[in-house]
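Values quoted throughout were computed directly from the atomic coordinates according to the rules given, and no laboratory measurement underlies them. Small disclaimer: the values here were computed from a predicted structure and weren't measured. Because the Cβ atoms are built from the backbone with ideal geometry, glycine has one as well, and the counts that use them run over all protein chains shown.
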C-alpha cells in the first residue's frame, strides 16, 4: 500500500510539472509592431493562451519545443480551400523563437516567418 501511495504521488508531480511548462515569447509581427505571446504546454498540445490556439507537440525535450497546427478545408464563408501549416519552434537553450505560417495558394504575403525570443515562465 505504501509503494502505491508513492507511485501515485510521483505521477501527480510528474504530470503537474509537465503541464506547468510555459513560455512567453516576444517578436516583431508582420505589421512591424512588437507582439507578446504566451504558450503553455498541455500535452499533447502547445496552447497559445490569448486565443486558445492549439498546436500539436511534435517534439518537447531538454533542447527544444516544436509544435504545429495544420488546416485543409473550406472555411465558413469561403469558396476556396485553406491549406497550410503553422509551426512554433523554441530553442530552450537560447530562447530563440520562430513562428511560421505557410498557406498554399495564398501568395507570399502570408508566408513570412517571424523571429523573436522566449523566456520560460
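Here are some notes:
- Once the C-beta distance of residue 82 and residue 114 is scaled by a Förster radius of 25 Å, the resulting FRET efficiency is 0.80 to the nearest 0.05.
- For the stretch 22-120, dividing the convex hull volume of the Cα atoms by the residue count gives 108 Å³ per residue.
- Counted by neighbouring Cβ atoms within 10 Å, the residues 45, 62 run from fewest to most as 62, 45.
- Per the Debye formula on identical point scatterers at the alpha carbon atoms of the stretch 56-97, with no solvent, log10 I(q)/I(0) at q = 0.13, 0.14 Å⁻¹ is -0.41, -0.45.
- Cβ-Cβ FRET estimate between residue 35 and residue 56, R0 fixed at 25 Å, reported to 0.05: 0.65
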